[in-house]
């Protein structure tokens, strides 16, 4: 080989050395970048995961792999994580058998019998029923009551009140103090010793043909309708079928607050209706909602007019507007639940409105029981009235809820 050949060979070797150095430098730089960005860690993790899955699939023991922290600590000294080979497994490892659990019979009274299935999310969340649409008030669903009482000496007295017809079969809700003078004497004062004569009261309703409805929305003024009351022009007789008592688990205060009675039609006035009986219109009852404070209400009821000749025997139907002002809760059976509905309205001068239904959006939500109590600065704050929710609950407990024809 001549001098020129030797020079060419040396150039070729130098070029290959430079090329190898460049390749090594590029690979080193790429490895540094991948390590810095965590890509190599991810590749190693994926590789070990795949290897482990493959080994498990083959039914052999997976090799031990250092924890991630150990791998991170060794990165400074080593370029790749170290796989440590496991010790030789024992020659034979007895497979531990999982004992079968025998089913427990669902015996009566056992814990299994008493455990209810876990409610679903939909069942656990209470969704109240939709509020029914407001509706006008049929004044023929309200009746005037005249009840005669007598004592052991044969002395009699008349009590006037109002009541709501809640069934086309003639069931009515009114105040207990209208039909039970012993209750009145015990809780509100009065002469004791009087009982309801024949356990019945006369009921008067507005005659057919007269405009019988008013709007559910409270108005500032209403027309009134007068009904002359005498011994022969009543519509039907009702009798008492239920009043709350201690047997219902009520405290003494709750008995006083829940001043209501359920009555039912006993007989028609055959002198007025010898053949065809008139249709009775039931007022709807709302027991699933409680109106907010300052909600407008309508209170239709009868009050006698103690002016003029024979005015005491005139029953005047006059709706009035009012406002909800609050609630009073029970203290025993209905602890934490409203038993009284407080309202504010302009009261009547004369009696007879006790037992009038309190309507909210056209549905009964309470029963009027007292007229008014004086407040500060001459303001008249209305006393608490019977809330309808506990009334419905007591009727249901006593198997009487179905007498309420329309309840929501």
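The values are calculated or read from the model by the stated rules, or taken from the named source; none is laboratory data. Predicted model only: the values in this text are computed from it and were never measured. Every residue, glycine among them, receives a Cβ derived from its backbone with ideal geometry; neighbour counts consider all protein chains shown.
Overview of values
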{"item": "Evaluation of residue 153 against (1) assigned to a loop (DSSP other than H, G, I, E, B); (2) surrounded by 13 or more Cβ atoms within 10 Å (Cβ to Cβ) (one fails), failing number", "result": "(2)"}
{"item": "Which listed residue is buried (at least 16 other Cβ atoms within 10 Å of the Cβ), in contact with a strand residue (DSSP E or B) (Cβ under 6 Å, 6 or more places away or on another chain) and assigned to a loop (DSSP other than H, G, I, E, B), from 250, 265, 280", "result": "280"}
{"item": "In segment 213-237, the residues that are assigned to a loop (DSSP other than H, G, I, E, B), crowded, with 18+ Cβ neighbours inside 10 Å and modelled with pLDDT of 85 or more", "result": "216, 218, 234, 235"}
{"item": "From 204, 194, residue being within 17 Å of residue 145 (Cβ to Cβ), surrounded by 11 or more Cβ atoms within 10 Å (Cβ to Cβ) and touching a helix residue (DSSP H, G or I) at 6+ places or on another chain (Cβ under 6 Å)", "result": "194"}
{"item": "Any hit, segment 341-356, residues being farther than 28 Å from residue 229 by Cα, modelled with pLDDT of 95 or more and in contact with a strand residue (DSSP E or B) (Cβ under 7 Å, 6 or more places away or on another chain)", "result": "no"}
